[in-house]
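Here's the structure we're looking at; comments come further down.
Coordinate-derived values only; no laboratory data. Being a predicted model, the structure only gives us computed values, none of them experimental. Cβ placement follows ideal geometry from the backbone for every residue including glycine, while neighbour counts extend to all protein chains displayed.
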Amino acid sequence: MADDEIILSELDDEELVAQMFDDLYDGLKEEIEEATHILLDRGWTPYDVLTKALVGGMKVVGDDFRDGILFVPEVLLAANAMKAGMTILKPLLAETGAPRVGKMVIGTVKGDIHDIGKNLVSMMMEGAGFEVVDLGINNAVEKYLDALETEKPDILGMSALLTTTMPYMKVVIDTLKEKGIREDYIVLVGGAPLNEEFGRAIGADAYCRDAAVAVETAKAQVARRHNVGAGAR
Amino acid sequence: MTDALSRLLETRDWLLTDGATGTNLFNMGLTAGDAPEMWNLDHPERIRALYQGWVDAGSDIFLTNTFGGNASRLKLHGAEGRVRELNRAATEIAREVADKAGRPVVVAGDMGPTGEIMAPMGTLTHEAAVEMFHEQAEALKEGGADVLWVETISAAEEFKAAAEAFRLAGMPWCGTMSFDTAGRTMMGITSAEMVKMVGKLPHQPLAFGANCGVGASDLLRTVLGFAAAGPERPIIAKGNAGIPRYHEGHIHYDGTPELMAEYAVLARDAGATIIGGCCGTMTDHLRRMREALESRPRGERPTLEVIAEKLGGFSSAGDGTGADEPAARRGGRRGRG
């Protein structure tokens, strides 16, 4: 089949980006690396490669994940391919001072060792162009506070997979309130046993059902903050 | 057929298993951050009370407090070297409680997932997973478990690794997966796919099924999916008592004992033989489930409409087994073998 013999370098820009969407969808890491280099060689800015090709492609993956068409294994492969492209772009983005979508500190709460869902959110957030600082599992409130102070993120993300650990999210949020810094951050929570009502009850800004929803919510919340901030000035 | 569960399955057409370990231990004072398995040694009287509660409520089978008792999970509490003692302790207490019950009660040595993603997507190899499950399986066997019971699994590879470990330990076993993502497991397995996968295992389980997930309605939809695929083994239904709600510092599940009684009867009608609860299911729920299973006659296999009417709606429109499913994954322009 002729289709098997796609030569990336022979495609024009538009076809190449379309092919990158397909290749991200199929989790083809080497093809994504090659295409990223080709676009850069053709004079694309790193920021355009990121947003138009990689983030655009991951949006399709995220949508199909949200809609129950793709599942975790496919998303992991796609995120892995995306990450390979990001590895090429990251130093270049730093050099060119490209605009930042936003920054997130994320971690699974104390007593909870589950990280599949959290890792997925991290990857999808990176896929959407966010900078992500991953604190890993089993985080006490002090760990979150330290990270908020040093990283100064827009968003704090907390994950829990157990009914026994999900109340700890409230401990963290209450501590932020005590210190008077709760409003400095967008707090997003997620995990299998959680729901919207729980998110509201503990004082989070939003509960995110899955990684795709987390990305959408993060974008919307960051945009709203920027608007509010601009209005205040 | 010499194991206790096979004997019960021969004489009875439904069996009641237990409810929630985590929710109960939390109510007994377990705090976020504690590994429940530590209590097998630190608070054996509480674990005994947990087990005794199930037996008194009418359980034919109960699971040991060893869900997180594999090396991968215990490592997060710096206790990866204590797999044997923690699993043995849990099972020895269970054995005592079961043997004093005055009727046949099966001790199921509980095993949860490793919490890691298996290769090639993740880093956990089949060999390493088998080794971890095998270590735990041997300890549960030593402690006196009648059967081993792996649950809340989302990847077929991990389920197979557990099955392999049970073969190595020479133990009869049961296994359930958790269908929590649009009617599939997190890794995308449908109920029909699980039946196919289980059918091919070299070391067959005594029974297989679903646990946890999203509420009682979804779980029964999964049971209907199993039944429609024509499995050769008895089906297990172990659903949550509703959805977790947060109230004044505590989590409680909104499924009432009445609802769970209705769920138990519907589960049997849907084709399940081993019926129990998962998160949020307390002894009151279980007692009502037992009463309902004993007093109410079998009915027709319920439709999805009947389930939704009696237990509430589903979390997603489909579960990957029907015709009215979302579009299939997009086709790329590269040939995909």
### Summary
For A:LEU70, other-chain or 5+-apart residues with amide H closer than 5 Å (H placed, Pro excluded) are A:PHE65
## Note on the structure
Along segment A:203-208, Karplus-curve 3J(HN,Hα) (6.51, -1.76, 1.60; θ = phi - 60°) to the nearest Hz, with x for Gly and Pro, reads x, 7, 6, 7, 9, 10
### Task
Would you mind working out the magnitude of the charge dipole of segment A:103-232 relative to its Cα centre, with +1 at each Lys and Arg C-beta and -1 at each Asp and Glu C-beta, to the nearest 20 Debye?
220
### Task
Could you tell me what fraction of 2.2 N^0.38 Å the Cα radius of gyration of segment A:1-89 comes to, as a two-decimal ratio?
1.03
### Message
Could you order the peptides B:302-312, A:26-36 from most to least packed, using the average number of other C-beta atoms within 10 Å per residue?
### Response
A:26-36, B:302-312
### Query
Fewest to most neighbouring Cβ within 10 Å: what's the order for A:THR108, A:THR87, B:THR23, B:THR256?
A:THR87, B:THR256, B:THR23, A:THR108
### Query
Roughly how many debye, to the nearest 20, is the charge dipole of segment B:175-313 about its Cα centre, given +1 on each Lys and Arg Cβ, -1 on each Asp and Glu Cβ, and no other charges?
440
### Task
Would you work out if segment A:103-232 is rounded, prolate or oblate? Take a ≥ b ≥ c from the square roots of the eigenvalues of the alpha-carbon gyration tensor; rounded if a/c is under 1.5, else prolate when a/b is larger than b/c, oblate otherwise.
rounded
### Message
Apply the Karplus curve 6.51 cos²θ - 1.76 cosθ + 1.60, θ = phi - 60°, to the phi angles in segment B:215-222 and return the couplings in whole Hz, x for Gly and Pro.
### Response
x, 6, 4, 4, 4, 5, 4, 5
#### Entry: Simple spin-label estimate for A:GLU197 and A:VAL60 in nanometres, 7 Å along Cα-Cβ
4.0
### Message
Within a 10 angstrom radius of the beta carbon, how do A:VAL133, B:VAL150, A:VAL55 rank from fewest other beta carbons to most?
### Response
A:VAL133, A:VAL55, B:VAL150
### Query
Quick one: length gained pulling B:ARG301 to B:THR31 fully straight, 0.36 nm per residue minus the C-alpha distance?
93.1 nm
### Query
Among all lysine pairs in chain B that are eight or more places apart or on different chains, how many have alpha carbons less than 27 angstrom apart?
13
### Query
How large is the helix-only mean residue ellipticity at 222 nm for chain B, computed as the sum of -39500 (n - 2.57) over DSSP H runs with n ≥ 4, divided by its residue count, in deg cm²/dmol to the nearest 500?
-13000 deg cm²/dmol
### Task
Extending each Cα 7 Å along its Cβ direction at B:HIS43 and B:ALA119, get the distance between those two points in nm, one decimal.
4.0
### Query
In this model, which of A:LYS83/A:LYS110; A:LYS118/A:LYS143; A:LYS59/A:LYS83 are farther than 21 Å apart at the alpha-carbon?
A:LYS83/A:LYS110
### Query
Considering only A:MET158, A:HIS114, A:LEU188, whose Cα is most displaced toward the positive end of the charge dipole of segment A:103-232, charges sitting on Cβ of Lys, Arg (+1) and Asp, Glu (-1)?
A:LEU188
### Summary
Sequence order, segment B:7-22: Karplus ³J(HN,Hα) from phi using 6.51 cos²θ - 1.76 cosθ + 1.60, θ = phi - 60°, Hz rounded, Gly and Pro as x, gives 4, 5, 5, 6, 9, 10, 9, 8, 10, 9, 9, 9, x, 8, 7, x
## Note on the structure
Checking rank on A:167-180, B:223-236, with mean other Cβ inside 10 Å and highest first, the result is B:223-236, A:167-180
### Message
Quick check on chain B: take the gyration tensor over C-alpha atoms, sort the square-rooted eigenvalues as a ≥ b ≥ c, and tell me if it's rounded (a/c under 1.5), prolate or oblate.
### Response
rounded
### Message
Among the complete DSSP H segments of chain A, which ones combine at least 27 Å of alpha-carbon extent along their axis with a mean Kyte-Doolittle hydropathy of -0.5 or more?
### Response
A:72-96, A:211-232
